[in-house]
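One structure is given below, encoded as structure tokens.
The values are calculated or read from the model by the stated rules, or taken from the named source; none is laboratory data. Just so we're clear, the structure is a prediction, and the values are computed from it rather than from any experiment. We place every Cβ from the backbone using ideal geometry, glycine too, and count neighbours over all the protein chains shown. Ligands, DNA and RNA are stripped out before the accessible areas are found, and what is left, the full protein with its side chains, is counted by its heavy atoms. Shrake-Rupley method; radii C 1.70, N 1.55, O 1.52, S 1.80 Å.
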Amino acid sequence: MTKEPKPLPNLDAVANLMTRVGLFDEQIVGKRDEDYFSSIGPVALGLFRLVVIGEIKKGKSSFINALCGIPGLVPVHDDVATSTVFKIHHAPEPGYTVFFQPEAEDKTSEIGTQKLEISEADLHSYGTENGNPDNEKRVDFIAVCAPSPILKDGLIVVDTPGVGGLFKKHREITFRHAPRADAVFFITDSVESPIGAAEVDFLKELRRITPLIYFVQTKAAQVDAEARRKRMENNIGILTDKVGLKKEEIRYFVVDSKLKSEGDEDRNLEDLEDSGFPPLMSYLQHSLKASKDRNIATVGLRRAWSKIAEIRAEIDRQKSVVSADTAEKQSAFNAELATTEEKLKQWNSEIRIQLIKEFHTEAQAIQNDILGEVSEALRVGGRISEQVGEALSESRDLKPEEIYGLVEPLSAAARAEVSQVLLECSQKLEGRFSALLGALSVKAEGSIATTALSRGVINNATLIRFSDAQLRDLAAKAEESRLFDRARTGLYGGAAGVGIAMGIGAVVGSVIPVVGTILGSTAGMVIAGLWGGYQASEFSRVKESAVARQQVQAAIDRDLQGCLTQAQTGFQKAFNTLRSRAEEALSDMVKTSLDQLSNTRQELQQRSRATAEEVQRTKQQIHGREQMLAALQGEMEAMERLLG
Amino acid sequence: MEEFYIGDPDYQQGHWQLQNLPDNCAVVAQASILSQFGFDVSMDEATYVAMANGWYSPGFGTSPDDLGNVLEAYGVPTHSVDFASIEQLAAELQQGHRVLVGVNSGELWDQGPMAEFWNWFNEVTGRDSSTFTPADHAVAVTGLDLSDLNHPQVILNDPGHPDGAGQVYPLDRFMDAWENSDFHYTSTSMAPGGAGPIDFDIARFLGLGTTVAGVSFGLDPITADMAGDFVNSLVSNTDWDAVLAAI
Ligand SMILES: Nc1nc2c(ncn2[C@@H]2O[C@H](COP(=O)(O)OP(=O)(O)O)[C@@H](O)[C@H]2O)c(=O)[nH]1
Ligand SMILES: [Mg+2]
């Protein structure tokens, strides 16, 4: 017997229902709506990205191997240090593939084109510091196929290299992997020291990027119960006092990965229970993953609703054709079709243009705001540059060469700040664009309905589902980053909206790589730019440290200027994608409606020649379809109630 | 009267097992199905796998969402339907699929007059829904006995009942108990080899559920099973390169 109170959204069942709706549509329209079917993929997959972060040797890799139940899946640190990121996903057969970074100059090469399948034995030469010092082989990450049941419903686990106090690398990993993580597991252990100062700094930074941080204390069985408990209390104290987390918000698990792996060997339930893994697994499945699933299910159902509405409209259209059972009715219907077509064309040439104009004005305003904000932070003399200046002025007492030594840490800090700004701005942009595109879709469909629509003439499936207030509400929620996925596709009821929505991911999609390159090690560039100046000052040692400060500031400003240019290009790319997607969607909407009109004309012609028997059969078929639609709709409604 | 079954309850009866923990019914029901697919999986092993993956917690049991995961872990594909109709369930049995459902045990089991009273009380006070008395038990539906169409019967393998192999309940009673899981079922997407032959024509079955609504109007039915295969193929054709590059 089970005592679990309320069923969770079952993504498999949602995807199944969505598929049946799509197959039914295909049966009626005679053509598969590939776009609709492609929206089922994410629901079927139920992607959940779990990123494991922590200092070297704390037991990250062992934890992942235990979680997946596969010993040796990712290399465990004994005397070699892991140097690369492992991304682990489900596959029936185990395997490793190295993905290389694209050559810096070669901007055209696509990600994923440079890859190499390797055997477990080769992991050493690509994935460790010894085999691949300073990442001279330009490894981006290693993909790991794992036949592990826990990964079967879309869980992806990311193992990050152990970083021992190396601040710069911490940052790079954080900014590249945390923004899109559904959960970050921060690993500490029971034996060595409690959470230290470097980790506290790191966690503070991490918190600015994601609130979804959970704590795992490993190696529990290496100490006694009292020691583990003390360590945990100590750590929680540090998290509340130094990192600033609220005690009730902290989720903290104590596990022993070795014990779990031993239990796996002979399926020993006692070892499993002692390992501390069951409550962690349960939390991962029923709390973390379940709430993500709920979002995915909501988005999927919304998509299916718009399909259902299309189907209903199509059935109505077919009905109106068969019910035109006299020559008079048929010619009246024909006349109606002609008028509608006329109006639609008029809408296309007048209102659509007007809407696009409005849209551009609004989009431009958003663009100006965002780019303004970015520029204010990054430009020479802007916020970040000023912060660098302040830091430099505190170094007044240092010797010139010591000041030059500040170039690297200061530029790293500046770039981290830049990355932060870019992430925040891209999130803001996504929220505001969601609202704008939603409003456009509602307006377009609303005005088409009032100017050109008459019942059964064109497919009015795309009628408005959201009021302005609802849109505003959703847009406001979209500002909370975790709701992005939901807002992005969930916002739109209409066909145009769905078309547009596909483009929104492009905003974040084209900014994150920029963040990546900005954090990438271009510090060399800064120093190179400074080199002439440094030698010059070597030449005349009498120069004041003020000159050194000026030169450092100038070098970092130059670097910031470069970042700004990159950021502007990235954002511009996103804006352009969104604009053209929006315009395309509107044109598609008109084209679909015109196609439908001409279909109806043809069917009407066939109708006039049909025998009574044929008409009777068609009527029966339509009746059957209505029954089927009602049944599917019933399931949809029930499912929606389940999601609350 | 002519005997008329959908499914193969007799064959499945031989694979029934009584659950060995108070709350591992769903796990044991899956182990019993695994053995029909030729896997030698003990109850303890199945319990281990479920617990290690968060699909079974002692004291809580298995969440309906996780029903079928143990089967999947051993490579038996499944699909799930919420708010299913009895016709959909029959269509699965007809294809030899193994079907698990969530039920409210109190409504299913005969536990004397008081149990009947509470069932009645919940019903008349409008509390007979998944919100108030959620499903608390998982059983396998092994067959439908339609010999007497006026009194259809459902045949279950119930891991929670000492005489649970091939238990027969009136359809009404089963529906009342099943409703509390929002008519959830999880079905294997294939039939085990060695199962009995299936020769029932679904079109003979009365009623107009989602699956068979179209049948009587000459439409091809769209079954949960077809959709399930589609969904499973979507997952196995995931473009992982693109997914991984984007995280
Ligand atoms: N007993 C025990 N040893 C562990 C545990 N986790 C990690 N270790 C050991 O700690 C060392 C470092 O582990 P590893 O997973 O490579 O740490 P990483 O650098 O954070 O990935 C290895 O020798 C592991 O065998 C644990 O939970 N229990
Ligand atoms: Mg490691």
So with the 1.4 Å probe, I'd like the accessible area per residue for region B:1-119, rounded to whole Å².
34 Å²
Just reorder B:M175, A:M281 by solvent-accessible area, largest first, 1.4 Å probe, all chains present.
B:M175, A:M281
How big is the accessible area of B:D10 in square angstrom, nearest 10, if you roll a 1.4 angstrom probe over the protein chains?
130 Å²
Most packed first (mean Cβ within 10 Å per residue), the peptides A:114-125, A:142-153 order as A:142-153, A:114-125
Past 18 Å, Cα to Cα: identify those pairs from A:K60/A:K219; A:K152/A:K219; A:K428/A:K573, in the order given.
A:K152/A:K219
What does the structure give for A:60-71 when I average, per residue, the other chain Cβ atoms found within 10 Å of the residue Cβ?
1
If you count, for every residue in B:175-183, the Cβ atoms of partner chains within 10 Å of its Cβ, what is the mean?
1
Can you give me the distance in nm between label points at A:L594 and A:A630, each placed 7 Å from the Cα along the Cα-to-Cβ direction?
3.8 nm
Compute for chains B and A the buried accessible surface, both sides summed, probe 1.4 Å, and express it in Å² to the nearest 100.
6000 Å²
Accessible surface of region A:17-99, 1.4 Å probe, proportion on carbon and sulfur as whole %:
54 percent
If the label point sits 7 Å along Cα→Cβ of A:Q330, residues of region A:599-625 with amide N under 17 Å come out as A:599-619
Please state the charge dipole magnitude for region A:139-276, taken about the Cα centre, from unit charges on C-beta atoms (+1 on K and R, -1 on D and E), reported in debye and rounded to the nearest 20.
860 debye
Checking rank on B:153-164, A:316-327, B:18-29, with mean other Cβ inside 10 Å and highest first, the result is B:18-29, B:153-164, A:316-327
Which order, highest average first, do A:627-634, A:593-600, B:36-43 follow once you tally other Cβ atoms within 10 Å for each residue and take the mean per peptide?
A:627-634, A:593-600, B:36-43
Whole-Hz ³J(HN,Hα) for each residue in region A:204-217, computed from phi via Karplus 6.51 cos²θ - 1.76 cosθ + 1.60 with θ = phi - 60°, x for glycine and proline: what do you get?
4, 5, 4, 5, 6, 9, 8, x, 8, 10, 10, 10, 10, 9
Under a crude label model (7 Å from the Cα following the beta-carbon direction), how far is A:K619 from A:N576 in nanometres?
5.8 nm
Using a cut-off of 10 Å between beta-carbons, work out the net charge of the residues near A:E626 (Lys and Arg +1, Asp and Glu -1, A:E626 not included).
+2
Going by amide H atoms built from the backbone, whose H comes under 5 Å of the H on A:Y214, apart from near neighbours?
A:V184, A:F185, A:F186
For region A:293-368 and region A:126-153, compute the distance between their C-alpha centroids and round to whole Å.
49 Å
What is the distance in Å between the Cα centres of region A:33-75 and region A:372-429?
35 Å
Over region A:540-602: Kirkwood hydrodynamic radius from C-alpha pairwise inverse distances, Å
16.6 Å
Counted charge near A:N16, where neighbours are those whose Cβ lies closer than 11 Å (Asp, Glu -1; Lys, Arg +1):
-4
Averaged across the residues of B:228-241, what count of C-beta atoms belonging to other chains lies within 10 Å of each residue's C-beta?
6
Proximal charge balance of A:E199 [Cβ under 10 Å; K/R count +1, D/E count -1]
+1
Just the accessible area for A:R625, please: 1.4 Å probe, Å², rounded to the nearest 10?
20 Å²
Apply the Kirkwood formula to region A:285-438: the hydrodynamic radius equals the inverse of the mean of 1/r over all pairs of different alpha-carbon atoms; give it in Å with one decimal.
22.4 Å
Can you give the Rg/Rh ratio of region A:577-616, where Rg is from the C-alpha atoms and Rh is the Kirkwood radius?
1.37
